[in-house]
Amino acid sequence: MKFRLGAMRATALMAGVAAISIGVVSASAQEAGNQAQNQETTEQAAQESGDGVTLLDKITVVSRTDESAIDAMASVSHVDAESIQRRMATTQQGVLFGVPGVAAQSDANRTASSINIRGLQDFGRVAVIVDGARQNFQRSGHGTQSMFWLDPELVKQVDVIRGPVANTYGSGAIGGVVFYETKDAEDFLRDGETWAGSVSGIYETNGHGWTTSATGAYRFNDAFDVLGNIVYRDYGSYKDGGGDTVPGTGFDVLNGMLKTTIRPTENSELKLGWVGANDSWTEGANAYDMDVKQNTFTGRYNVTDDENSWLDLHINAAYNKTDLGQTYLKDVNQFDSTTGAPIVVPAGSQTTYDLGTYSFDIWNTSRFDTGFASHELTYGGDWVSDDVVTANAGGGMDVYTPSGKRRVSGAYIQDKLTYEWLEVIGALRYDSYKLDGNSGAASGDRLSPRITVGVSPFQEGTLQGLQVYGTYAEGYRSPTITETLISGLHPSGVKFPFLPNPNLKPETAKTWEFGINYKQDGFIQPDDALRLKAAYFNNDVADYIGGATLSAYDPTSGCPRVTGAIPICYQYQNFANAKIRGFELEGVYDAAWGFLGLSASIIDGYTVSYKGEQEDLATIPSSQVTGQLGFRFLEDRLVLGGEVQYNGAPKGNNYASDYTLVNAFATYKATNDLNVNFRVDNIFDVKYTNPLNASTTSALYEPGVTFKLGATMRFGG
């Protein structure tokens, strides 16, 4: 496979990998057993003191056996609250900045994002989960397909797992999982406080954007607390690196959340939550006014036994309702989606896209020993239901996203066996689905296995803390309602039919991954730490689903001739096998004076049709190298630093080019109750595009230089 890196990319990657490799060889030995035994104590102390542990040591929500990212035999990344605050993120692109193998796509609607992992996105290929609730909203068009709304101000942490190894997190995630955890009262309230509140304000120069946020928390007693947060953003259209205003990129959004935690006993916990978004923006050269209301309700219960051995039960239930309204701001010429007759849709008409997603998830982990080995046996099941209702007062804009119902369910069992230097994970998952609508119905099922073997061959010496692992995993994604049931005539521009395809096969991903984990404390000095993860992966997706153009002149295509229409049809088909390969690296060095981070993602992908024709995969993101350096001063009250990210245009994508971003940041804790943040993004005002936006009808350039200034005042008692 050829990654086609330019000289700059190759040099940067080789230098970064070599530097960390030299550091690994020269690392001093530490007692690995003591590290594991004291991990929880170290993390708790680090949270209180603010140092002494790296991001990769934090326990990840995405691991259902309470692993940290550095201990997981998988490509796992963790983004904590401090990083999110330092990035002063407006969108998910800012939240996930520098996470290897992950890209966020937004079109003109900047508050809605679609997540790409390892070149796979949309239609559930990446499972986006907020407090246990699946975010399955999808609206077809020229741009992002699968969207979710979540303000960064509400997020406590984000955990990412790449590849189809997360077989305990539901069906379809052949690309990976992104798990967002919102803020909790226990993270906001200090020891001894009954109540606390804060107010924040952020100003951005590019687009003259204002963000205001308020948080309040109350602790009734040790068994009951509650937290609420409200965020309002008002942004104008930004300017790109060339100084040109990008139309339609302004927005105003109101977000909020309410979350309570109830602890009936010392060994049980119930979290009830609501997250809401109300967003508006314009599309189609100001032809449409868009308004979305999203409400997510979650309930999560966990109970363990006194020894946390046989019983570690989790029960999650969620309901996510998304209502998107598209209002015509002027008369628009279209075609009737049924008859094909020319019509005029008058101003004030509305198209609605409504999705209700119910989900239920239950699992238990039993920990026990059998002779020489210890086990973590996890078993459970999940169920997700999507009900889509679209309607149009005239024309046929709703034809892109048909109404229908889809049910997906599954069950799994996974055992993690540990014996001294050897770890083995074996898992098996069963998936089934059923969907139906006006254009047909479909169903199917499958068993998907996973096997992971990891060894830690060095128990002492300079390579103690090094683990090498290999994984083979399969994933299963069933077709969505849109892919299966889309039908009718293209309503605008040119006229041609969409054809349903109830015979679509599910996609099956088969992934090989080989990786290393390395951790060392006292790397250069007694109070520092080095963490490193690296992996090579090869993901082959059989029966890949994509849009196909059929000729009306081919009698075997099933494409009818329609009067007044161009002689083609559009249909989602299993047309090829997708082959994606890449390398990822994530390293963090943390010391009293500051921190140093390096991440890299090199990725290449293409499809091979059933006829043997090879074509570049349009959803391959930029290959990236990201470096981060920060310094701590004034007893850690002042942090100054910067970021450099090189992005290499994907192979075969003529829409994008190579570019480099340079950012700077500063955080200052003026008092225990006043924090001030400053940031400059894209210092050199580079004009660039996100290659994932190649599906848009015109070039969409990202923001140019942007100065951000924010402050947070806290009070409590």
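Near ARG429, the amide H atoms lying under 5 Å from its own belong to SER448; only residues 5 or more places off or on other chains count, and H is placed 1.01 Å from N.
Taking all protein chains together, HIS208, HIS314 sort by accessible area into HIS208, HIS314, largest first [probe 1.4 Å]. Working from label points 7 Å from Cα in the Cα-to-Cβ sense, the ALA341 to LYS687 distance is 4.7 nm. Segment 205-237 and segment 488-554 have Cα centres lying 34 Å from one another.
Taking the Cα centre of segment 209-317 as origin and charging only Cβ (+1 Lys, Arg; -1 Asp, Glu), how large is the dipole, in debye to the nearest 20? Numbers along the way, then the final one.
Values: 8 positive and 16 negative charges, 53 e Å.
Dipole size: approximately 260 debye.
When the Cα gyration tensor is reduced to axis lengths a ≥ b ≥ c, the ratio a/c is 1.5 or higher for segment 103-193, and with a/b not above b/c it is classed as oblate. Working from label points 7 Å from Cα in the Cα-to-Cβ sense, the ARG263 to ASN672 distance is 2.2 nm. Taking the C-alpha atoms only, the angle from helix 7-25 to the longest principal axis of the chain is near 30 degrees. Anisotropy class assigned to segment 149-272 is oblate, per the alpha carbon gyration tensor with a/c at or over the 1.5 cut-off and a/b no larger than b/c. Of the cross-linked pairs LYS183/LYS293; LYS611/LYS651; LYS183/LYS519; LYS405/LYS687, those separated by over 32 Å at the C-alpha level are LYS405/LYS687. Rounded to the nearest 20 debye, the dipole size of segment 155-198 about its Cα centre is 280 debye, using +1 on the Cβ of Lys and Arg and -1 on the Cβ of Asp and Glu. Residues in segment 73-89 carry Karplus couplings, in order, of 7, 6, 7, 10, 10, 10, 10, 9, 4, 4, 5, 4, 5, 5, 7, 6, 5 Hz; the curve used is 6.51 cos²θ - 1.76 cosθ + 1.60 with θ = phi - 60°, and Gly or Pro positions show x.
In the chain, a dipole from Cβ-located charges (positive for Lys and Arg, negative for Asp and Glu) runs towards its positive end, and of TYR688, SER309, SER200 it is TYR688 whose Cα lies farthest in that direction.
Surface composition of segment 130-197: carbon plus sulfur atoms hold 43% of the accessible area, using a 1.4 angstrom probe and ignoring ligands, DNA and RNA. When +1 charges are put on Lys and Arg Cβ atoms and -1 charges on Asp and Glu Cβ atoms, the dipole computed for the chain relative to its Cα centre reaches about 2040 debye.
Between MET713 and LEU463, the FRET efficiency from the beta-carbon distance, with R0 = 56 Å, is close to 0.70.
Counting only protein heavy atoms and using a 1.4 Å probe, what share of the accessible area of segment 240-381 belongs to carbon plus sulfur, as a whole percent? Carbon and sulfur together cover 59 percent of it. State whether segment 274-334 is rounded, prolate or oblate according to the following rule on the C-alpha gyration tensor (a ≥ b ≥ c being the square roots of its eigenvalues): a/c under 1.5 gives rounded; otherwise a/b larger than b/c gives prolate, and the remaining case gives oblate. Since a/c reaches 1.5 and a/b is larger than b/c, the shape of segment 274-334 is classed as prolate. Note: relative contact order over segment 456-508, using C-alpha pairs below 8 Å and six or more positions apart, is 31 percent. FRET efficiency for the ASP554 to VAL455 pair, using the beta carbon distance and R₀ = 45 Å, is estimated at 0.25. For segment 264-337 versus segment 78-101, the spacing of their alpha-carbon centroids is 21 Å. Estimated at the nearest 10 Å², the accessible area of VAL130 is 10 Å² with a 1.4 Å probe.
State in Å² the accessible area per residue of the chain; use a 1.4 Å probe, count heavy atoms of protein chains only, and round to the nearest integer. Spell out each step's value before the answer.
Values: 28540 Å² over 717 residues.
That works out to 40 Å² for each residue.
Extending 7 Å from Cα along the Cβ direction at GLU613 and again at LYS330 yields two label points whose distance is 3.9 nm.
Taking the 0 to 90 degree range and rounding to the nearest ten, how far is the long axis of helix 39-49 tilted relative to the main principal axis of the chain, both from C-alpha atoms? The angle comes out at about 90 degrees.
Just to be sure I understand the curve: with the Debye formula and one point per C-alpha of the chain, what is log10 I(q)/I(0) at q = 0.05 Å⁻¹? After summing over all Cα pairs, the log10 values are -0.24.
The values are calculated or read from the model by the stated rules, or taken from the named source; none is laboratory data. Predicted, not measured: the structure shown is a model, and the values here were computed from it. Methodologically, a virtual Cβ is constructed for each residue, glycine included, from the backbone with ideal geometry; neighbour enumeration extends over all protein chains shown. Keep in mind that these areas ignore ligands, DNA and RNA; they rest on the heavy atoms of the full protein, side chains included. Shrake-Rupley method; radii C 1.70, N 1.55, O 1.52, S 1.80 Å.
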